[in-house]
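Have a look at the structure below before the remarks.
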Amino acid sequence: MNTATRPAPQAAFVAPKDLRPQEPAPVSNRGIYGWSRAHLFGSVGQVLLTLLGILVVYVTIPPLLKFFIFDAVWSGAGRDACLPEKIGRPVGACWPFIYAKFNQILYGFYPESERWRVNVVYFLGAALLAPLLFPKVPYKRL
């Protein structure tokens, strides 16, 4: 009997569907508990990095909020409005001073008649970086 007339071998039994009913994932692998266990506490290194990150946030965010928002001076006519002696309390950020000197901070000593050039560079930078915010923009290959 040659291969042309030989009957095809019978395939092993393959179930058309899973014979066992699907069970839900264990509680330890679901939800925020499962996600944090897999991504934040999966190994000793991850635990250390998670604790370090929490420490950095705890040490930096409250003083920044205190300086920039809670102890900040929000209104006034210049630097004098931000002096602790005149206010009678510790002072954080001096927003009237920032408002008064904003052009100096943004443009430096660039001549006022030539500031359009700096504005063009800012606009082009934003326009060229904007497509990077959208994942489906084509031609974003390395």
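Between ALA77, ALA25, ALA4, which is closer than 26 Å to ILE105 by Cβ and either assigned to a helix (DSSP H, G or I) or at pLDDT below 85 (or both)? After ruling out the rest, the residue left standing is ALA77. Here are some residues: GLY108, GLY92. Which one is among the small types (Gly, Ala, Ser), surrounded by 10 or more Cβ atoms within 10 Å (Cβ to Cβ), over 30 Å from HIS39 (Cβ atoms) and more than 21 Å from the chain's Cα centre (by Cα)? The match here is GLY92. Looking at ALA100, is it under 30 Å from PHE70 (Cβ atoms) and touching a helix residue (DSSP H, G or I) at 6+ places or on another chain (Cβ under 6 Å)? Spelling it out, it is not the case that ALA100 is under 30 Å from PHE70 (Cβ atoms) and touching a helix residue (DSSP H, G or I) at 6+ places or on another chain (Cβ under 6 Å). From the list VAL57, VAL91, the one residue that fits, being assigned to a helix (DSSP H, G or I) and either in contact with a Leu (Cβ under 6 Å, 6 or more places away or on another chain) or at pLDDT 85 or above (or both), is VAL57.
Of all the numbered requirements in (1) within 30 Å of PHE102 (Cβ to Cβ); (2) surrounded by 11 or more Cβ atoms within 10 Å (Cβ to Cβ), GLY53 misses one, and that requirement is (1).
Kindly evaluate VAL47 against the criterion of being surrounded by 10 or more Cβ atoms within 10 Å (Cβ to Cβ), modelled with pLDDT of 85 or more and not in a helix (DSSP H, G or I). No. Being of a type in the set (D, E, K, R), over 30 Å from PRO96 (Cβ atoms) and surrounded by 12 or more Cβ atoms within 10 Å (Cβ to Cβ) is not true of ARG20.
The set of residues from segment 60-74 being assigned to a loop (DSSP other than H, G, I, E, B) and exposed (fewer than 12 other Cβ atoms within 10 Å of the Cβ) comprises just one member, TRP74.
The values are calculated or read from the model by the stated rules, or taken from the named source; none is laboratory data. The model shown is predicted, which means the values in this text are computed figures rather than measured ones. Glycine gets a Cβ as well: all are built from the backbone with ideal geometry, and neighbour counts include every protein chain shown.
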